[in-house]
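The values are calculated or read from the model by the stated rules, or taken from the named source; none is laboratory data. Since the model is a prediction, treat every value here as computed from it, not as a measurement. Glycine also receives a Cβ, built like all others from the backbone with ideal geometry; neighbour counts cover every protein chain displayed.
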Amino acid sequence: MPMQGHLEPDFSRPPLLIEELESDPIVQFEKWFREAWDENYPMPHAMSLATASAEGLPTVRTVLLKGYDSNGFVFFTNYGSRKAKQISNNPQAALLFPWVRLGRQVTVAGRVEKISKSESVQYFLSRPRGSQLSAWASAQSTVISSRAILESAFATVKRRFADGEVPLPDFWGGYRVDPDSIEFWQNRKDRLHDRFLYNRGENGAWRIDRLTP
């Protein structure tokens with residue numbers, strides 16, 4: 001079924017000028033992320049994560065950003081999941097922050113690596129207990145015949161750790177996407193959008209280029 005153009009709301013924004021951009025894309029991301037947060041955009045930390053197999057077959061899913069700094073963008077998962085297996089064989093990934101209602105999106109691409117165990121422990125212990133238990137109960141991405149199997153595994157884990165703290169599973173932890181490029185896209189009238197791409201050179205310096213929409 002073809003989608004009609006009149007179904008699309010107008011999310012156009014004022015011009016995005018290169019002179020207004022921060023020289024560091026992480027600082028620019030922080031600026032836009034805080035604006036999304038302050039405008040009560042729903043779950044601005046939800047991001048699409050694209051990975052690919054060693055043969056180049058891509059997959060994409062939504063995960064939550066759990067931290068970012070000059071070293072990159074952090075998320076957590078089961079090390080046995082499909083995304084983790086793909087990262088192991090092809091340690092490149094892309095992230096997309098689709099802030100549609102704000103007329104903005106940010107795309108990140110770069111190399112992926114595991115964060116330290118101490119960082120994973122620190123985050124895991126901050127999670128709600130139910131989320132900690134589910135990390136133990138779920139053999140993520142494996143096939144099961146019914147939800148009852150998952151609920152039974154959760155009940156077993158709940159009994160196992162009933163009397164104490166839930167420890168970090170050795171099969172669960174964080175990854176960091178270290179960006180080689182970050183693109184900032186802003187919606188403009190008549191689809192003449194503003195796009196600026198930051199590329200990191202060999203010396204670590206960032207170059208900013210305007211892209212056609």
Subset of region 133-154 that is crowded, with 16+ Cβ neighbours inside 10 Å, within 27 Å of the chain's Cα centre (by Cα) and among the small types (Gly, Ala, Ser) - its residue that is nearest to VAL121 (Cα to Cα): ALA135
Number of positions in region 144-186 that are farther than 19 Å from ALA93 by Cβ and either at pLDDT 95 or above or not β-branched (Val, Ile, Thr) (or both): 28
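Considering only region 155-186, state which residues are over 23 Å from THR51 (Cα atoms) and under 26 Å from the mean Cα position of the chain (by Cα). Can you show your working first?
Looking only at region 155-186, we keep the residues that are over 23 Å from THR51 (Cα atoms), and these are 155-169, 186.
Scanning region 155-186 gives VAL166, PRO167, LEU168, PRO169, GLN186.
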Of residues in region 189-209 being in contact with a strand residue (DSSP E or B) (Cβ under 6 Å, 6 or more places away or on another chain) and in contact (Cβ under 8 Å) with a residue 40 or more places away in the chain, the one surrounded by the most Cβ atoms within 10 Å (Cβ to Cβ): TYR198
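So that you can scan it fast, the table gives a plain yes or no per residue for (1) among the polar types (S, T, N, Q); (2) touching a Lys or Arg at 6+ places or on another chain (Cβ under 8 Å); (3) closer than 16 Å to VAL63 by Cα:
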{"site": "ALA94", "(1), (2), (3)": "no, no, yes"}
{"site": "VAL100", "(1), (2), (3)": "no, no, no"}
{"site": "GLY103", "(1), (2), (3)": "no, yes, no"}
{"site": "SER116", "(1), (2), (3)": "yes, no, no"}
{"site": "LEU125", "(1), (2), (3)": "no, no, no"}
{"site": "GLY130", "(1), (2), (3)": "no, no, no"}
Unmet criterion (only one of (1) touching a helix residue (DSSP H, G or I) at 6+ places or on another chain (Cβ under 9 Å); (2) in contact (Cβ under 8 Å) with a residue 12 or more places away in the chain; (3) not basic (Lys, Arg)) for LEU64: (1)
Qualifying residue in region 66-79 (condition: assigned to a helix (DSSP H, G or I), more than 10 Å from the chain's Cα centre (by Cα), at pLDDT 95 or above and aromatic (Phe, Trp, Tyr)): no
Cβ pairs under 7 Å, 6+ apart, first in region 24-37 and within 17 Å of ASP180 (Cα to Cα) and touching a residue at least 60 places away in the same chain (Cβ under 8 Å), second among the acidic types (Asp, Glu) and in a loop (DSSP other than H, G, I, E, B): GLN28/GLU22
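Being charged (D, E, K, R) and in a strand (DSSP E or B) is the filter here; which residues of region 127-178 pass it? Quick ask: steps written out before the conclusion?
First, pick out the residues of region 127-178 that are charged (D, E, K, R): 127, 129, 147, 151, 158-160, 163, 165, 170, 176, 178.
Matches in region 127-178: ARG176, ASP178.
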